[in-house]
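These notes are about the structure you will find just below.
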Amino acid sequence: MRESIKDKVAIVGTGCTKFAERWDADVEDLIKEAVDEALKDAGVEIKDIQAGWVGTGRGSQQVPMGPPGGHIASAALQTQYIPFTRVDNLCCGGQEAVRGAALGIASRCYDLVLAVGVEKLKDTGYGGLGEAYPGKWEPIYGALGTPPGRYALAATAYFSKYGYTPEAGKRVLAEISVKSHYYGARNPKAHLRREITVEEAVNAPMICWPLGLYDCCGVTDGASAAVLVPSSEAKAFRKDYVNIKAFSIATGPGFLKEDERYDFTYWAETREGAKVAYAEAGIKDPRKELSLVELHDAFSIAELIASESLYLCEPGKYKQEFTDKRAYYHDGEMPVNVSGGLKSFGHPIGASGAREIEECVRQIQGRVKEPSRQIANFDLGLAHNQGGHPGRFVPGICIVGRP
Amino acid sequence: MTGIVSYGAYVPLYRLSREILAQVWGGKGKGEKAVASADEDSLTLGVEAARDCLKGFDKSKVDALYFATTTAPYKEKLSASTIAAACDLKEEIRAVDVTDSIRSSTNALTMAVDAVKSGSAKMALVIAADVRLAPPDTLYESLFGDGAAAFLIGNEDVVVEIESSSFITLPFMDFWRLENDKIIRWWEERLCREEGYVPFMSKAIKDALDKAKVKVADIAKAVIYSPDKSMQGDIIKAFKLDPKTQVQDLMFDSIGHTGCALVPMALVAALQNAKAGDKILAATWGDGADAFVFKVTNKISKMADRRGIKDYLKSRVALPTYGKYMHFRDLMEWEHDLFMERRMALAEVWRYRNWYFRFYGVKCTKCGHIMLPHPNYCIYCQADEKLFEYVPMADAKGKVVTYSMDVRSRAIDPPNVLAVVAFDGGGRFFSQMTDRDPDNIKVGMDMEVTFRKVHDALHIHNYFWKCRPVRGK
């Protein structure tokens, strides 16, 4: 019979590099930096680690042949013949690394494991993510379908369905970006650390209509790591360990763009993943029970729609429930992305999912460096990161909380 | 009797005003010229004209295709085969590119007529298209435009009878391109006029008129090829044609000189204004001359739904700058692209050729939904693809569900517009939107599909379908 993962696995150490255009570091340097911090945080050494999972979409994005194997981490850390596995689920890769590690612990095959997510995007000489490799339909059907091009489809659809003029819709999105930059400015490891105004956001250069410069996350290098042990043994490592309450991955069938039933105003995959995760964690009213949601906001519209699809408010009611109430600030009714989010903290693809979990863990532990964004009375945090694009997503949802 | 049973034409959406050319190079400019979009070439222009021409016909009866152009996208690799697939013609077809001369269009027409007359083909499709380039800052740069026309040749319900034809072939040199030339070269125009064009066009026209026993006064419209704006005048004078009523405008001021498509397009324009019984003279030039006398039958009334020249001229977008034109026609060395080399997979295109070339969707026979592209299982009821049947979708019309405009795209003509189109009658297409005015795109607007060049990854012209706002209105 299937067993729940709830309260079986504990996170006893977390680490995260400075997210930035890291001209000083290559992909292995980033892994080493994040893992060093996580190991120290857990009070263990690399030789104690029994198995590792590394999540990365493209590694260093240098090789058109595709991303590397587990060697990218074993070589960086000089682990000696332990299993190190590369996992990938696009932007959900960091979540997959933590999930692989968590399943290793839950199976009791291991009792001290490492998860790391990493991406080195800035060594290529161009911005953005590059194009898909030849495979089914690509790159002719879907040619030039960039991430902003695909996400902006959802913004147009949302504005149209809920009766926003582009100007009014863009203001709702601008408020989200202002909030992201507010927290980026208060997070020493964030990539974009400058506050912006609504006027700056709505008047910014257009990237992909209707999304402007401040509606889009930057292209960032970084890594994040976690050390996991069985919850039953976690006290030996630290008092304030954090338990995994639920983990869901809801890989969509991938054909929603082509599906007449889909209107691009919600993330179907996130809805399905959220139902599974809330059931597993025993959450009935997520807006009341969750202290923080760190969700995938590679674009401002992605934060808006993910908030609705995680059932934090009714579909179409985002402006009333979040913008007007300022609910998404750290002292608001439902804090969202108070790390700065992918938007301002940065989005190294494979690192982001693990980095969101790290934010939730450190919030629970009361260890957020800048007290101005520390959430009081933290109980449960949710980390959501999704790979793919509207119509073809794979979200990972990890809920963590006090034991 | 063998003759033309249908016709069609295509004028690309974009127009370059000659005032813009004058701003760049000096002088005065009058009118405008049609410019193929950045994703169009002579092959795709030809597909458009052919689709206009084939409207309402049983395409399985077409068993030969002749594609005339001087600007084939490949030096080695047939264009006609790609056109045949994009027009959803059967595979058991003869398909030929007829190239290297402005006169290849009437040569192709003659080959098609002969094939149908001989009985080796029931119906034959003739297409002429050109995207010719002249050197910047020349008369010819200003003159040349892009376009296409198509004729279907058959024995039943003939719309245009061919009363006579005459042919002269000469080793005469006036315009040429060497193997690797992108732009034309030419000899002093006086030699062409005095020793070639005037005497031999005149001879061909006289022969055709004599053979048909038709007097000049009986000609309703004369479609007379001209290498430039003035030379045609010598023929008009020589034959005492009335320039006001009898001479078909070659549309140099609205479309430009479209190379081997010039006479076919002007003939379609003439036919769109013709009535039953009209006699039409047509003559082309290039390594000699051809002339034809045509007679319009009362079946012309069945051609009313052709967009032809008339409707395609109605929808237009002005190119704002010469820079855009340079991008469209790749007239410069551009910024080096640091992006990883774009790839494609020929095997994938071949496996799904019904999708990439013919634009077939699939219909699930279990739940009735139409899907594009072809999934392994029904996305609605998960039935196995064994229960699917193909549905041709190239003629479907639909409406925009949502769209975006990528300003920073690598597209030649940004913003790159992505759109999701719901077809009337079922099926959805996630697509690039081409031939669009970025200031006038709306959710719910009417769309149709068009065959375009998506990119040149791995030095292969990769063609596929895009959506575009419905044209011809």
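Throughout, read-outs are computed from the coordinates displayed, never taken from laboratory work. Just so it is clear, the model here is predicted, and its values are computed rather than measured. Every residue, glycine as well, gets a Cβ built from its backbone with ideal geometry; the counts of neighbours run over all protein chains shown.
Quick look at the numbers
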item: Lys/Arg +1, Asp/Glu -1 at C-beta; chain A dipole; positive extreme among A:His330, A:Leu213, A:Ala51; result: A:His330
item: Relative contact order, percent, the range B:213-332 [alpha-carbon distance under 8 Å, six or more residues apart]; result: 24 percent
item: C-alpha long axis of helix A:166-184 to longest principal axis of chain A, angle in °; result: 30 degrees
item: Convex hull projection area averaged over all views, chain B, Cα basis, nm²; result: 23.0 nm²
item: Over chain B, relative contact order from alpha-carbon pairs under 8 Å, at least 6 apart, %; result: 17 percent
item: Cα-centre dipole for the protein assembly as shown with unit charges at Cβ (Lys and Arg positive, Asp and Glu negative), debye to 20; result: 1560 debye
item: The range A:20-101: relative contact order as a whole-number percent, Cα under 8 Å and 6+ apart; result: 34 percent
item: Within chain A, longest stretch clear of exposed chymotrypsin sites (Phe, Trp or Tyr not before Pro) (DSSP loop, no more than 16 other Cβ within 10 Å); result: A:163-403
item: DSSP-defined beta bridges in the range B:3-328 - what % are antiparallel, rounded to 5; result: 65 percent
item: Antiparallel DSSP beta bridges within the protein assembly as shown, percent to nearest 5; result: 75 percent
item: Label point 7 Å beyond Cα of B:Thr138 along Cβ direction - residues of the range B:97-113 with amide nitrogen under 20 Å; result: B:100-104
item: MRE, 222 nm, helices only [DSSP H, n ≥ 4, -39500 (n - 2.57), over chain A, to nearest 500]; result: -9500 deg cm²/dmol
item: Distance violations [Cα-Cα > 27 Å] among B:Lys117/B:Lys279; B:Lys211/B:Lys240; A:Lys179/A:Lys257; result: A:Lys179/A:Lys257
item: Sequence ranges A:301-307, A:29-35, A:348-354, ranked by mean other-Cβ count within 10 angstrom, highest first; result: A:348-354, A:301-307, A:29-35
item: Residue of A:Gly127, A:Gly366, A:Gly273 that the Gaussian network model of chain A assigns the largest fluctuation, springs spanning Cα pairs under 10 Å; result: A:Gly127
item: Acute angle (nearest 10 degrees) that the helix A:300-309 long axis makes with the longest principal axis of chain A, alpha-carbon atoms; result: 80 degrees
item: Cross-link partners of B:Lys453 among lysines (Cα-Cα below 16 Å; sequence separation of 8 or more within a chain); result: B:Lys77, B:Lys466
item: Karplus-derived 3J(HN,Hα), 6.51/-1.76/1.60, for each residue of the range B:106-123, Hz, glycine and proline x; result: 6, 4, 4, 4, 5, 4, 5, 4, 4, 5, 6, 4, 6, x, 6, 9, 6, 9
item: Karplus 3J(HN,Hα) series, Hz, for the range A:385-392 with 6.51 cos²θ - 1.76 cosθ + 1.60 (x for Gly, Pro); result: 9, 10, x, x, 8, x, x, 8
item: Helix B:42-54 vs. chain B, principal-axis angle (Cα, 0 to 90°, nearest 10); result: 90 degrees
item: Between the range B:310-373 and the range A:363-389, the alpha-carbon center distance in angstrom; result: 44 Å
item: Net dipole in debye of the range A:148-282 [+1 Lys, Arg Cβ; -1 Asp, Glu Cβ; about Cα centre; nearest 20]; result: 520 debye
item: Debye, to nearest 20: dipole size of chain A, +1 on Lys, Arg Cβ, -1 on Asp, Glu Cβ; result: 540 debye
item: Gap separating the Cα centres of the range A:201-257 and the range A:141-179, nearest whole Å; result: 21 Å
item: Across B:Lys61/B:Lys206; A:Lys235/A:Lys343; A:Lys170/B:Lys324; A:Lys284/B:Lys442; A:Lys8/A:Lys189, pairs whose alpha-carbon gap is larger than 32 Å; result: B:Lys61/B:Lys206; A:Lys235/A:Lys343; A:Lys284/B:Lys442
item: Likely footprinting exposure, B:Met201, B:Met326, B:Met344, fewest C-beta neighbours within 10 Å first; result: B:Met326, B:Met344, B:Met201
